[in-house]
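The values are calculated or read from the model by the stated rules, or taken from the named source; none is laboratory data. Everything quoted here is computed from the prediction, not taken from an experiment. FYI the Cβ positions are ideal-geometry reconstructions off the backbone, even for glycines, and counts take in every protein chain you see.
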Amino acid sequence: MTKNTPYPHMLAPLHLKSFALKNRIIMGAMHTRLEQMPDGSARLAAFYAERARGGVGLIITGGHAPNEAGQLEPNGPILSDVSQLEDHEIVTKAVHKAGGRIALQILHAGRYGATLDIVAPCALRAPISPLTPRALETDEVEQTIKHFANCALLAQKAGYDGVEIMGSEGYLINQFTALRTNKRKDAWGGSTDNRQRFPVEIVKAIRAATGENFALIYRLSALELVPDGATGEEVITLAKKIEQAGADIISTGIGWHEARIPTIAYMVPRGAWSFAARRIKQAVSIPVVGANRLNTPETVEELLADESCDLAYLARPLLADPDFVNKAALHQRDEINVCIACNQACLDFIFKGRAATCLVNPRAGFEDELQIVPTKNPKRIAVIGGGAAGMAAASIAGARGHHVTLYETGDRLGGQLLLARNVPGKQEFDELLRYFNKQLAKGNVDVKTGVAVDAAWLQKQGFDELIIATGVTPRRIEIEGIEHSSLVPYPQILSGEKQAGERVAIIGAGGIGFDVADFLSSTTEDNEKPIDSFFKEWGVDTGLQSAGGLRTGSPTASPRHITLLQRTPGKAGRSLGFTTGWALMRGLKQRGVQILTGVEYKKIDNEGLHITLNGKKMTLPVDTLIICAGQQSVTTLHEDLQALGLSPHIIGGAAKASELDALRAISQGYRLALKL
């Protein structure tokens, strides 16, 4: 390591008993669902090998059950028999050939499973599951320990460099250690020692089965964020026991899946949970891994430098950019495609039964299919519209060697992303804008901002391909008084062009409506929540004196009286992300934002917004009315080109108007550019 090495702590090697890690970055375990695809092993091999080539020190696979009762879902990942080794060997060989190391995560779902015969320490249903587990008999507990050891031994035979035991996030092992879920009266329940006996015996059994030269990582629940969860003292006690039992590394997990505090969503500040890892590091002598919302080299370097942890656990950031480590090492920070913590294409897809990919990197999970190959037939391509879809198409086409000109009527690129970036927590979109601008420059794309083009002019230029990415415009609703001075278009609010008054009504409870409500109910001047404010609002005990690390939250009330209105009856927020929407809704509720559904809009006048709610007429005395009732595609240019006999491509919001859908827009632009 030289003096000029960027991020010296992050890029420093770490020596274990069995091998050395070339840097301090571990690709954390995450469910991809690729394992369950017909060609799953090949796709996983390509997926992990690309991250290995990208320089990551160690890869942890998604969780594999040690027995059928531990599966997350029917036909979920499992390693319990020698007949399954061949598929795993495809993966381990690919990673090793790429110069990487890989460990298998062993995960028993316990009461989080979705199979017919789920088991747990006690027959207590999880609040996020419709299924009630069966309590394990005493002999079954002992047999399960043997299953963990067998799984580890099989992993060793399959060529893995080690295993990670999932003892966090509310899965089976965690269910044994917490009073919340362990009410047993036998030797596996009751006292702290008894409740912690299960993970300790698992670590001992795996170490005995695999020997000393096989990496053994234990993922410990550092902060549980649920009632009757572990106290800080209990966490430290378990960490010391795990070290004594033979673990090489302790990785930290934050929160149970049923916790009502966000832990990895965009509203969580970067590096927020470092205090939990630091406390464990100070108590043990083996390396400790920090985790959750570590998405940039700077954040990782800071945590390692101040000795909060010894390694960093990055999962989604390596979905976003498999070359994260190499780029950092080569002084190419501005080329890193940073995870924006949206969860839209990774966690949300998994919960919908789809394979994981990434909003900012559509190639994730499709490494074999989506190859950026230089073109043999360079074309002159015009892309009209500099939003997410247009930037994606132009940058990939440029990277392939096409001669691309990107036209944008505004004074800067970004489109709807320029609005989204102003929503609290969504400042991460700045990273995406920075990345796209860098890629456009690398691809020699001729970017022309502040330029409007029409169909006749484009026809005269003789472009080989025309890509229309003209985006969307807010949908107008028909209501008496729609021209009233109290009405302000949402782009003017989110851009800061106009300020809202003290009493606000928002028509439309889709994603944009919720974002506007979040924007207006935030109390900080720049809409960024410092870490301390986040902990105060959500009720996190950073001193870890209370069970589960919980305390009473003290959210700051909104500076405005805000009412969010939905025309359709029933629950609001159905279009929000599965893993982020609940947190957004809870945050708004904590700040006093009112949500009304089943609303009929009658008229707008000086008295306010006249509505009918549950058959009752009422007037909301508002001084600002914001319409967030959907979008309309801007298709005029596309239609004019077709009228001239041309066949332009159309992508993004111009092709289909639906919220601020950067996921679909970027994917369409990316995939189209690969076909040209």
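Return the residues of segment 423-438 that are touching a residue at least 60 places away in the same chain (Cβ under 8 Å) and either surrounded by 19 or more Cβ atoms within 10 Å (Cβ to Cβ) or of a type in the set (D, E) (or both); say none if nothing qualifies.
Kept after step one, since they are touching a residue at least 60 places away in the same chain (Cβ under 8 Å), are these residues of segment 423-438: 423-429, 431-432, 434-435, 438.
Scanning segment 423-438 gives V423, P424, G425, K426, E428, F429, E431, L432, Y435.
Residues are listed down the side, and each one gets a yes or a no for (1) part of a loop (DSSP other than H, G, I, E, B); (2) among the hydroxyl-bearing types (S, T, Y):
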residue	(1), (2)
T357	yes, yes
A364	yes, no
E369	yes, no
G398	no, no
D411	yes, no
G414	yes, no
N422	yes, no
* Evaluate the following for N361: is it closer than 30 Å to P6 by Cα, crowded, with 17+ Cβ neighbours inside 10 Å and in contact with a Gly (Cβ under 7 Å, 6 or more places away or on another chain)? => no
* Structure fact -> Pairing a residue in segment 220-244 that is under 17 Å from R278 (Cα atoms) with any residue that is assigned to a helix (DSSP H, G or I) and among the hydroxyl-bearing types (S, T, Y), where Cβ atoms lie under 8 Å and the two sit 6 or more apart in sequence or on different chains, gives S221/T177; A230/T177; E234/T177; E234/T192; T237/T192; L238/T177
* Asked: Got at least one residue in segment 399-409 being closer than 20 Å to G652 by Cα, at pLDDT 95 or above, touching a strand residue (DSSP E or B) at 6+ places or on another chain (Cβ under 7 Å) and of a type in the set (A, V, I, L, M, F, W, C)?
  -> yes
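Condition (residue is farther than 30 Å from V235 by Cβ, hydroxyl-bearing (S, T, Y) and over 22 Å from the mean Cα position of the chain (by Cα)) applied to segment 563-571: is it met by at least one residue?
Of all residues in segment 563-571, those farther than 30 Å from V235 by Cβ come to 563-571.
Among the residues that remain, those that are also hydroxyl-bearing (S, T, Y) are: 563, 568.
Now drop any that are not over 22 Å from the mean Cα position of the chain (by Cα), which leaves 563, 568.
So far as segment 563-571 goes, yes, one or more of its residues are farther than 30 Å from V235 by Cβ, hydroxyl-bearing (S, T, Y) and over 22 Å from the mean Cα position of the chain (by Cα).
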* To do: Test A392 against the stated conditions and say whether it is among the small types (G, A, S), buried (at least 21 other Cβ atoms within 10 Å of the Cβ), in contact with a helix residue (DSSP H, G or I) (Cβ under 6 Å, 6 or more places away or on another chain) and outside any helix (DSSP H, G or I).
  => no
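Restricting attention to strands (runs of 3 or more DSSP E) lying wholly within segment 560-635, give those where 2 or more residues are surrounded by fewer than 17 Cβ atoms within 10 Å (Cβ to Cβ). Quick ask: steps written out before the conclusion?
Values: elements: 561-566, 594-597, 599-605, 608-613, 616-620, 624-627, 631-633.
Hits in segment 560-635: 599-605, 608-613, 616-620.
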* Counting only residues that are touching a Lys or Arg at 6+ places or on another chain (Cβ under 8 Å) and within 19 Å of V203 (Cα to Cα), give me the helices (runs of 4 or more DSSP H) lying completely in segment 219-321 with at least 1 of them. => 232-245
* Taking the condition small (G, A, S) and either outside the structural domain of E50 (by TED's automatic domain parsing) or not in a helix (DSSP H, G or I) (or both), does A152 pass? -> no
